[in-house]
1. I'd like to verify a number: residues in region 219-238 that are polar (S, T, N, Q), within 15 Å of LEU150 (Cα to Cα) and open to solvent by less than 90 Å² (accessible area, probe 1.4 Å), how many?
2. Which residues, taken from region 42-90, are open to solvent by 40 Å² or more (accessible area, probe 1.4 Å), closer than 22 Å to ASN110 by Cβ, modelled with pLDDT under 70 and not hydrophobic (A, V, I, L, M, F, W, C)?
3. So ARG113 passes all but one of these: (1) at pLDDT below 95; (2) crowded, with 21+ Cβ neighbours inside 10 Å. Which condition number does it fail?
4. Considering only residues that are surrounded by fewer than 21 Cβ atoms within 10 Å (Cβ to Cβ) and among the polar types (S, T, N, Q), which ones fall in region 125-160?
5. Select from region 91-110 the residues that are open to solvent by less than 10 Å² (accessible area, probe 1.4 Å) and either of a type in the set (Asp, Glu) or under 27 Å from the mean Cα position of the chain (by Cα) (or both) and list them in ascending order.
6. Residue under question is ILE168, and the condition is that it be open to solvent by less than 10 Å² (accessible area, probe 1.4 Å), in a helix (DSSP H, G or I) and not small (Gly, Ala, Ser); does it hold?
Amino acid sequence: MYGYGAQQQVAGFDPALQMQQVNGVQNTMGMAGMGGPVTHGAGMQMQKPTDTQVPTKVLYIRNVADSVSENDVMGLCSQFGTVSQVLLLKEKRHGFVEFMTDSEAMACHNAYRGNAPMVHGRPLEFSWSGRTQIEKKHDPADNPPNRILLVTVTNISYPVTVDVFTQILNTNYGPIQKIIIFSKDQKSVQALIQLPDVGSASRAKADLDGQNIYANCNTLKINFSSSQQLVIKFNSERSMDFTVAGGAPQAADPVQAGGGLMPAPGAVGGPSGGFMQAQQQQQQMPGGATLRAGPGAPTMGG
């Protein structure tokens, strides 16, 4: 809960007459605006938002600028009461503000309804949300230690496969028991990886979080998963249960092992450095031969 209470209200504050200023941009809240459109800044006409929801202690805000922070919103709203939560969804340009009581939310709503304050160059519009409370999405960083890791790979230049994860984890933290790889969005891939125990998973997280698999690419973000058990329905290049018969690693597809459309890391034309090349260099044998890190692992050298 944020420490913004009703006791912090400015004495004699009158929302209908008060000059509001957020980050140097002013908005005059005139009495005429309480009954209809009000002129903002450069003569912009702003109509009252449609407001058909039942009043609750949660207000809906829209037209949120990319640079608006939770502190900006709290600064606007805390003078009406105690703000318990703020949730901004900037990619959708809207958000929610939760007060301790319905009456505090109503005071804020009545002050800003049709009199949207200018915040970072945009009029921030307030209306009823229809929600009774804000439920924020769970943050994986808050999960307690667990033998199952949630691994997010970003800045991807090379394939993310079961074979790659076995090379990274099996020697010092494994062996991997189960793994599922799935696409998070167009720019990242996630994997749920079950290791033998919590200690192994904790060491892997401490050592590898923030590391690049290859030089300057395929960056790892590691959290503990909230899952307590992984269920693998079938083995494939993106999922594997090594605890059952038939779960042993199979030979990697030659296209994947060779880097596919891009040169393999450490090969001619490819990037040098990174975790994978360090592993492979350590396994380089005299005479130019290369010891594979595991069945199907990409090789270097002769």
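The values are calculated or read from the model by the stated rules, or taken from the named source; none is laboratory data. These numbers come from a predicted model, not from an experiment. Note: ideal-geometry Cβ built from the backbone for every residue, glycine included; neighbour counts use all protein chains shown. Accessible surface is based on the protein model in full, side chains and every heavy atom, while ligands, DNA and RNA are left aside. Shrake-Rupley method; radii C 1.70, N 1.55, O 1.52, S 1.80 Å.
1. Looking only at that region, the number is 5.
2. Answer for region 42-90, where residues must be open to solvent by 40 Å² or more (accessible area, probe 1.4 Å), closer than 22 Å to ASN110 by Cβ, modelled with pLDDT under 70 and not hydrophobic (A, V, I, L, M, F, W, C): GLN45, GLN47, LYS48, THR50, ASP51, THR52.
3. Among (1) at pLDDT below 95; (2) crowded, with 21+ Cβ neighbours inside 10 Å, the lone unmet condition for ARG113 is (2).
4. Those that are surrounded by fewer than 21 Cβ atoms within 10 Å (Cβ to Cβ) and among the polar types (S, T, N, Q): SER127, THR132, GLN133, ASN143, ASN146, THR152, THR154, ASN155, SER157.
5. The answer is GLY95, VAL97, PHE99.
6. Details: open to solvent by less than 10 Å² (accessible area, probe 1.4 Å): yes; in a helix (DSSP H, G or I): yes; not small (Gly, Ala, Ser): yes.
Criteria met by ILE168.
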